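Encoded as C-alpha cells, the structure appears first; notes follow it.
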Amino acid sequence: MTSIKTTVNRVCRFTFTLLLAASAITTIAKTQKHPIAIIADTQLKAFEGIYQQTDNEYRVYKLVADGDKLIAQQLGGDQKITLTRKSDLEFEFLDDDGDEKIPVAFKKSETGEINQVILAGKQTWTKLKSYTPPKEAQLKPEQIKVLAGKYQSDVRTDLSIQISATADGLILKQSWDDKEINFKPLSDVLFLNQPLCFSLKFTKDAVGAPIKVLAFNRDTWNKVKE
C-alpha cells in the first residue's frame with residue numbers, strides 16, 4: 001500500500017513540475033512581445049530604383065524608401081505595394097486579398113549593387129539603369145479596323161475573344177466572362193493596356209491581314225475566318 005508520505009512527495013513533485021511549466025510559458029510569452037531585431041547591412045536607399053519584369057516589359061515599378069519600408073509604385077498604373085523587411089535582402093508584402101504574404105528577395109551584382117529581385121521565388125525583375133515609358137502611336141482608322149474580328153484559343157477551341165475597333169484603339173471581349181479590356185496602339189501590330197500591363201501583338205500575312213494575336217506574351221489566339 002502506498003504510504004501517505006509517498007503520496008505527498010508525488011504531489012509535491014507534480015506541483016513543482018507545473019510551476020516550472022507555467023514559468024516557462026510566461027517567459028516565452030514575455031519574450032514574444034519583443035520585436036525581432038533585423039540585422040541589415042544594406043541601406044534602404046540602395047534598393048531604390050526602377051524594376052522591370054523580365055518576361056513582361058510593360059510591368060514596371062519604381063521603388064522608394066519610406067521609413068523602414070519600401071514602397072513599390074506601378075508606373076503607368078495605380079497599384080502601390082508596401083514591402084516589409086525580413087532580413088538584409090529579403091522583404092515581403094500582402095497579396096490583394098490580404099491573407100497571404102509574398103516573399104521578395106533582392107540580389108546583388110559582383111560589385112555589391114542591387115541589380116535584381118525575385119518575386120515569390122520564381123518571377124524575376126531587373127533593376128534598370130534608365131527607363132522610357134511606352135509611347136502611344138497615332139494610327140489611321142483602317143489600320144485599326146483591319147484587326148477586328150473573332151480569335152480562337154490555340155489550345156482550347158471552346159474559348160475565344162472578340163476584338164472590336166474604337167476611334168483610338170481596340171476593345172477585347174472575353175467569351176468566358178464577357179469582360180472587356182481597352183487597348184491603345186504602340187504600333188500597327190502592337191497594342192497595350194498600361195494599367196493591366198496587358199499587351200496584344202498581332203501577326204499579319206503577306207497581304208496585311210491579321211492571322212493571329214499573342215496576348216500577354218504567352219497566349220496565342222488564331223483569327224477565325226468569317
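The values are calculated or read from the model by the stated rules, or taken from the named source; none is laboratory data. Only a predicted model underlies this, so the values are computations on that prediction, with no experimental measurement involved. Backbone-built Cβ (ideal geometry, glycine too); neighbour counts: all protein chains shown.
When you check LEU89 against the structure, is it closer than 17 Å to PRO185 by Cβ and modelled with pLDDT of 95 or more, yes or no? Against the criterion (closer than 17 Å to PRO185 by Cβ and modelled with pLDDT of 95 or more), LEU89 does not qualify.
Every test in (1) assigned to a loop (DSSP other than H, G, I, E, B); (2) at pLDDT below 95; (3) loosely packed, with under 13 Cβ neighbours inside 10 Å is passed by THR31 save one, and that test is (1).
The residue of the stretch 65-93 that is farthest from THR42 (Cα to Cα), among those that are of a type in the set (Gly, Ala, Ser) and outside any loop (DSSP other than H, G, I, E, B), is ALA72.
Yes or no, residue by residue, for (1) part of a strand (DSSP E or B); (2) under 23 Å from GLY77 (Cα atoms); (3) among the charged types (D, E, K, R):
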site	(1), (2), (3)
ILE171	yes, yes, no
TRP176	no, no, no
SER187	no, yes, no
LEU196	no, yes, no
LEU200	yes, yes, no
ALA206	no, no, no
ILE211	yes, no, no
THR220	yes, no, no
LYS225	no, no, yes
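Within the stretch 48-65, work out how many residues are small (Gly, Ala, Ser) and either farther than 16 Å from THR132 by Cα or surrounded by fewer than 17 Cβ atoms within 10 Å (Cβ to Cβ) (or both). Count: 1.
Take ASP96 and tell me if it is within 14 Å of the chain's Cα centre (by Cα) and outside any strand (DSSP E or B). For ASP96, the condition - within 14 Å of the chain's Cα centre (by Cα) and outside any strand (DSSP E or B) - is met.
Restricting the stretch 176-225 to residues that are touching a residue at least 12 places away in the same chain (Cβ under 8 Å) and small (Gly, Ala, Ser), the residue that is nearest to PRO141 (Cα to Cα) is SER187. Remark: pairs (first residue in the stretch 120-132, outside any loop (DSSP other than H, G, I, E, B); second residue among the aliphatic types (A, V, I, L, M) and surrounded by 10 or more Cβ atoms within 10 Å (Cβ to Cβ); Cβ separation under 8 Å; 6+ apart in sequence or on different chains) = THR124/VAL117; THR124/ILE118; TRP125/VAL117; TRP125/ILE118; TRP125/LEU119; LYS127/ILE50; LYS127/ILE114; LYS127/VAL117. Can you tell me which residue is farthest from LEU75 (Cα to Cα) among those in the stretch 133-169 that are among the β-branched types (Val, Ile, Thr) and assigned to a loop (DSSP other than H, G, I, E, B)? Of everything passing the filter in the stretch 133-169, THR157 is farthest from LEU75 (Cα to Cα). If you take the residues of the stretch 34-64 that are part of a loop (DSSP other than H, G, I, E, B) and of a type in the set (Val, Ile, Thr), which of them is modelled with the lowest pLDDT? Out of the qualifying residues, it is ILE36.
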